[in-house]
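Colleague: One structure follows; several queries about it will come next.
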Amino acid sequence: MYALVDCNNFYASCERVFNPNLQGKPIAILSNNDGCVISRSDEAKALNLPMGAPIFKWESFCKSNHIHVLSSNYPLYGDMSSRVMSILKQFTPDAEVYSIDESFLQFKGFENFNFDDYGNQIRKRVLKWTGIPTSVGIAPTKALSKVANKIARKFPKQTKGVYVIDSEEKRIKALKWIKIEDVWGIGRRLAKRLKEKGCYTAFHFTQLPDEWVRKTFSITEWKLQKDLQGIPTLQLDEVKDKQAIATTRSFEYTFSDIDNIKERVSTFASSCAEKLRKQGSSCYVIIVTLSSDRHKKDLEQHRASTSVNLSYPTNSSLIISNCAVSAVMSIFKTGIKYKRAGVIVTGLVPVDNFQLNIFEHENPKHQPLMQAIDSMNSKYKNYKIKIGNQDLKRTWKMRQERLSPRYTTNINDIIKVKC
Amino acid sequence: MIAHKSGSLTFFTPEAVDGASAHFFDAGVSAGFPSPAEDFKEQRLSLDEELVKNKEATFYAKVSGQSMIGAGLDDNDLLVIDRSLEPTNNKIAVCFLDGEFTVKRLRVSNGEVWLQPENPDYPIIHITEENNFLIWGIVTNVIKKV
């Protein structure tokens, strides 16, 4: 059996733990830089505040509907997520963290367990220890556990947040209930194609001839079909290293001068390099993107991106930053007011396992230098050591006007209790 | 052994030798007397381990006020809170009461709850249906600056 444990309205729930006054109130969380809505509580969804709404257009709507609008507080969400995930690991040795707020659990050799009870225990422990409400779906396969989870979430009164698909009857009923576009792994385009074939629910999808699915779609859809039929085909994923790492941000103002853009790109590139070093990878490809403000339709628009292929893999901030800066100069157009830039590194290989190039290689001094920089930056906080073309005084300069305190990661931000 | 020769470059391949191995001395080889403490090494004391029994459920808070001075909770003290502990009579708890966090000793009897301060100048609070009340976590330790 598999379980999918999903934290309900995770970001809003994290805020509520430390500010119980927000319990039952509509909450919207904004993206980095307070741009648009990236997460909504059920109450905010009920008011029809759309996902992705640019806040400057919805400000008065939020005000008149008493929606609490908050900047995203990733230090808090990250810490609460790791607490939840490590509690979940107490229930089985086989767990896969699927996203910041979802985890798959596999129960091998738990045949004699009452999964209704076990699911309840999971939910109760996470709620009591962390204050985060969850929904638990349990079923014989991963894809079905996703469906069971949707049912638990949709019908909290009947299910008390836990739903188990443990009979053929329940499986059929669940599959007939779930729309094809809501099935895990069925994208919008695929859903459209399936609907044209008269396939509107997950149940229809499981009825399609095996041979036809294999021919018409890829192996992924075939596996998904088997999984939904109750035959475990999708395995628990090992935690994989990321295949690409990106740092992309909007600027707090628009820039039309190359110096500011060079500085930003260098900062984003250094951040990518640092993330590479953290996961023990090096990259072969650096992609740089640059774009104007697409909301300002009256201004001249420009979006461009370019990539640099390296002849040897690296995770040195110096090299990645240099390449990114010269790449951005090649796509920069004078006269454009730029609002956003990004650096993406891909073609990742583990540091200790890559093809050596005889003729070109990294200066061997870079590795120990990066190690020294990383350990000093983690010790002294706030990036005391930077590359020369970065502004010493700024990191993201994110606009975070409605940020809640870092309740769990900063001693000056912990909750105050009146006594 | 020469593997390949071109006009300007000569490539060599290394020769493999079987049975050539070395012994690894874990303790290191030193010329001095071996440390008599080596076999008695123990873990250093950690306050984290002493004060935090359940790290997933442990949170911190700062005290503001005088109502619990009798229990040793002074203004600005740091509280260690364990949410996984059950709230029972006589425990000191961080509660959320009518819109703000407060810390008091729990008095539970006949299904009723009182919040008891540890300072005679403060009143005992009786929790009723009208209160917006939540027990947030149990205080396990107080850390104070001296």
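Only the coordinates and a few stated rules stand behind these numbers; no lab work does. Given the structure is predicted, the values throughout are model-derived calculations rather than measurements. Cβ atoms come from the backbone with ideal geometry, glycine included; neighbour counts cover every protein chain shown.
Colleague: How large is the Kirkwood hydrodynamic radius of segment A:244-380, in angstrom, based on all distinct alpha carbon pairs?
Modeller: For segment A:244-380, the Kirkwood estimate is 15.6 Å.
Colleague: Now a separate question. In square nanometres, what is one fourth of the surface area of the convex hull spanned by the alpha carbons of segment A:302-353?
Modeller: If you wrap the Cα atoms of segment A:302-353 in a convex hull and average its projections, you get 4.2 nm².
Colleague: Could the peptides A:20-33, A:201-214 be put in order, highest first, of the mean number of other beta-carbon atoms found within 10 Å of their residues?
Modeller: Going by the mean number of other Cβ atoms within 10 Å, highest first, we get A:20-33, A:201-214.
Colleague: According to the Kirkwood expression over distinct Cα-Cα pairs, how big is the hydrodynamic radius of segment A:117-214, in Å?
Modeller: Here the Kirkwood hydrodynamic radius works out to 14.5 Å.
Colleague: Can you tell which of A:Gly280, A:Gly78, A:Gly119 shows the greatest fluctuation in a Gaussian network model of chain A with Cα springs below 10 Å?
Modeller: Highest fluctuation of the listed residues: A:Gly280.
Colleague: Which order do A:Glu300, A:Glu96 fall in if you start with the one that has the fewest other Cβ atoms within 10 Å?
Modeller: By the 10 Å Cβ count, ascending, the order reads A:Glu300, A:Glu96.
Colleague: Which whole number gives the average, over all residues in A:401-409, of C-beta atoms from other chains lying within 10 Å of the residue C-beta?
Modeller: On the way: counts 0, 0, 0, 0, 0, 0, 3, 3, 0.
Going residue by residue through A:401-409 and averaging, the value is 1.
Colleague: What is the diffusion coefficient of the protein assembly as shown in µm²/s, taking the Kirkwood radius over Cα pairs and the Stokes-Einstein relation at 10 °C with a viscosity of 1.306 mPa s?
Modeller: Using the Kirkwood radius from Cα pairs, D works out to 56 µm²/s.
Colleague: Listing A:Ile38, A:Ile138, A:Ile219 from the residue with the fewest other Cβ atoms within 10 Å to the one with the most, what is the order?
Modeller: Final ranking by Cβ density, sparse to dense: A:Ile219, A:Ile38, A:Ile138.
Colleague: What number comes out for the charge environment of A:Ile415, summing +1 per Lys or Arg and -1 per Asp or Glu over other residues with Cβ under 11 Å away?
Modeller: Numbers: positive: A:Lys416, A:Lys418, B:Lys62; negative: A:Asp413, B:Glu100.
Combined, the nearby Lys, Arg, Asp and Glu give +1.
Colleague: Using a cut-off of 9 Å between beta-carbons, work out the net charge of the residues near A:Lys296 (Lys and Arg +1, Asp and Glu -1, A:Lys296 not included).
Modeller: Local net charge: +2.
Colleague: Let me ask another. Quick one: Cα centre-to-centre distance for segment A:99-166 and segment A:309-347, in angstrom?
Modeller: The distance from the Cα centre of segment A:99-166 to that of segment A:309-347 comes to 44 Å.
Colleague: Using a 10 Å cut-off on Cβ atoms, rank the peptides A:249-256, A:141-148, A:61-68 from the highest mean neighbour count down. All intermediate terms of the calculation are to be shown ahead of the outcome.
Modeller: Numbers: A:249-256: 16.5, A:141-148: 26.4, A:61-68: 14.8.
Put in order of decreasing packing, that is A:141-148, A:249-256, A:61-68.
Colleague: Can you flag which of A:Lys386/A:Lys416; A:Lys170/A:Lys226; A:Lys173/A:Lys226; A:Lys142/A:Lys242; A:Lys418/B:Lys144 are past 26 Å Cα-Cα?
Modeller: A:Lys386/A:Lys416, as the Cα separations exceed 26 Å there.
Colleague: How much space per residue, in cubic angstrom, does the convex hull of the C-alpha atoms of segment A:28-134 take up?
Modeller: Measuring per residue, one finds 116 Å³ for the Cα hull of segment A:28-134.
Colleague: Taking springs between alpha-carbon atoms closer than 10 angstrom, which of A:Ser81, A:Ser41, A:Ser291 fluctuates most in the Gaussian network model of chain A?
Modeller: Per the Cα network of chain A with a 10 Å cutoff, A:Ser291 tops the list.
Colleague: Restricting to lysine pairs 8 or more places apart or on different chains, what number in segment A:244-380 have Cα atoms under 17 Å apart?
Modeller: Going through segment A:244-380 pair by pair, I get 9.
Colleague: A further question on this structure: Under the Karplus relation 6.51 cos²θ - 1.76 cosθ + 1.60, θ = phi - 60°, what is the ordered set of whole-Hz ³J(HN,Hα) values for segment A:408-413, x standing for Gly and Pro?
Modeller: So the Karplus estimates, Gly and Pro as x, are 10, 10, 9, 4, 7, 9 Hz.
Colleague: Which order do the peptides A:97-105, A:269-277, A:333-341 come out in when sorted by mean C-beta neighbours inside 10 angstrom, highest first?
Modeller: Highest to lowest by the protection proxy: A:269-277, A:97-105, A:333-341.
Colleague: What residue among A:Met85, A:Met51, A:Met376 has the largest mean-square fluctuation in a Gaussian network model of chain A, using Cα springs under 10 Å?
Modeller: Looking only at A:Met85, A:Met51, A:Met376, the biggest GNM fluctuation is shown by A:Met376.
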